[in-house]
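Here's the structure we're looking at; comments come further down.
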């Protein structure tokens, strides 16, 4: 194994990113979707003709979904307080990430997403601002908000908004992780109810992952979570008042009440899910070697995993996944949120429930036939574009069954609708590249 070559390949995206961002001066733009034969058309699209749909919407607000792009619009909102693995770098510095999210929304889900970076870290101001933006959007994607305030922000907005609100660092990460684990367990021949699961990191992602795993069938007592001070257990009384989400994990998980650090927690563990701080070296090879036979390691910190995948393999792990696209088994939110929002928007769901997330995870796991599963292939990749209409159909049909959809559509109709929208979006991008409207750069991966 040529470690130097692997390291060089892993570091290349970061080295060329600044040049490419400067070349394109942003990753998204707004383009018209209506006909413009000549300037006379503006009498229809703007004044005086536009008054007609305005009056209709005033009489019956539901028509805003028919006469405007609200039905397909999502706001990607952050305060810049926890950007990827970079931390609190501010809203301006977070804008390239939000633009990247919007790009993925459009290319993989056909969703028109708009990056909005708020100049406040005040929880109440953040919530009130999001609520004020509702008339313009069909959904809200919260992104990169520090803990613990991300929890009450999501909870309050889900309760008080008329449109679906989703926190991708919580729900998106959780559903894709669950999908990957479903298939990884099939590869090693283990059942989720019987495995010991160690979660390194007690942030928004892992707390939501733990909740979803338990809802899916993992045994709470066989889950151990760790934060920077060690395992979460019933003796961590300081968390009771200061951090209720962590305290919930203290009371629900760790049946043996293990007190210790990562090495002790990983002894005889079947699964490691790490979403802590950027590595390498956060997780050590000798700790992996103490896990159970046929162990599963998800080292998903960005931009660098807690342990390099080849090191985890050398230590005995049977299945290894990371959050990166340049290694096998990428566990990345991008496999989930484009399809989830596509299905949610198409049926005009009021919210995105945990059951919709589990439905998405199940469908995502089924996108690879069991006969094709292997230690190096537990999830589809973003290149498998038909994954997204399938996830959309699963999510949308579940919303219809739960009676939280404004539009009743069959699963097949949701699938066909999503497929057409996503195909169109990808085709437009490819055509613009072919015609030179998106310039080609000499810089390549």
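Under the criterion of Cα pairs below 8 Å and six or more residues apart, the relative contact order for the stretch 285-395 equals 25 percent.
How far is helix 91-109 tilted off the main Cα axis of the chain, in degrees rounded to 10, range 0 to 90? Here the helix axis deviates by roughly 80 degrees.
Only Cα pairs under 8 Å and 6+ residues apart enter the sum, and on that basis the relative contact order of the stretch 15-169 stands at 22 percent. Entry note, the chain: relative contact order of 14 percent, from Cα contacts under 8 Å with a spacing of 6+ residues. For the chain, take the longest principal axis of its alpha carbons; what is the angle in degrees between that and the long axis of helix 204-216, to the nearest 10 within 0 to 90? Here the helix axis deviates by roughly 80 degrees.
Annotation: the antiparallel percentage among DSSP beta bridges lying fully within the chain is about 15. Stretched out straight at 0.36 nm per residue, the stretch from residue 277 to residue 258 would grow longer than its current Cα-Cα span by 4.6 nm.
For the chain, modelled as a Gaussian network with Cα springs under 10 Å, which listed residue fluctuates most, 15, 403, 413? Ranking 15, 403, 413 by mean-square fluctuation puts 15 first. Calculated [222 nm] ellipticity per residue, helices only, for the chain: -13500 deg cm²/dmol; basis is -39500 (n - 2.57) per DSSP H run with n ≥ 4, divided by all residues, nearest 500. Highest mobility in the GNM of the chain, judged by mean-square fluctuation with C-alpha springs under 10 Å and restricted to 345, 199, 373, is found for 373.
Direction-averaged projected area, Cα convex hull, the stretch 120-236: 8.8 nm², rounded to one decimal. The DSSP beta bridges internal to the stretch 66-208 are antiparallel in roughly 5% of cases.
If you plug the beta carbon distance of residue 284 and residue 371 into 1/(1 + (r/R0)^6) with R0 = 45 Å, you get a FRET efficiency near 0.80. Take each peptide in 42-55, 324-337, count the other Cβ atoms within 10 Å of every residue, and average; sorted highest first, the result is 324-337, 42-55.
Highest mean packing comes first when the peptides 101-108, 358-365, 33-40, 274-281 are listed by Cβ atoms within 10 Å, giving 358-365, 101-108, 274-281, 33-40. Pairs of alpha carbons in the stretch 204-250 separated by more than 17 Å make up 29% of all such pairs. Take the Cα of residue 401, step 7 Å toward its Cβ, do the same at residue 251, and the gap between the two points is 3.1 nm.
Ranked by the mean number of other Cβ atoms within 10 Å per residue, highest first, peptides 302-309, 110-117 order as 110-117, 302-309. One chain, two ends: residue 242 and residue 88. Fully extended at 0.36 nm per residue, the span grows by 53.4 nm beyond their Cα-Cα distance. Given their separation in residues at 0.36 nm each and the Cα-Cα distance between them, residue 9 and residue 128 gain 38.5 nm when the chain is fully extended. Give, to the nearest whole percent, the P(r) tail of the stretch 1-153 beyond 24 angstrom, counting all Cα pairs. Cα-Cα pairs of the stretch 1-153 separated by over 24 Å account for 51 percent.
Taken as Cα centroids, the stretch 149-183 and the stretch 11-65 sit 27 Å apart, rounded to the nearest whole angstrom.
Compared with the dominant Cα axis of the chain, that is its longest principal axis, helix 123-132 is turned about 30°. Note on the chain: GNM, Cα springs under 10 Å; of 271, 188, 165, the largest mean-square fluctuation is that of 188.
Projecting the alpha carbon convex hull of the chain along each direction and taking the average yields 22.8 nm².
Every number here is computed from the coordinates shown, using simple stated rules; none is lab data. Everything quoted here is computed from the prediction, not taken from an experiment. Cβ sites come from the backbone with ideal geometry, for glycine too, and all protein chains shown count toward neighbours.
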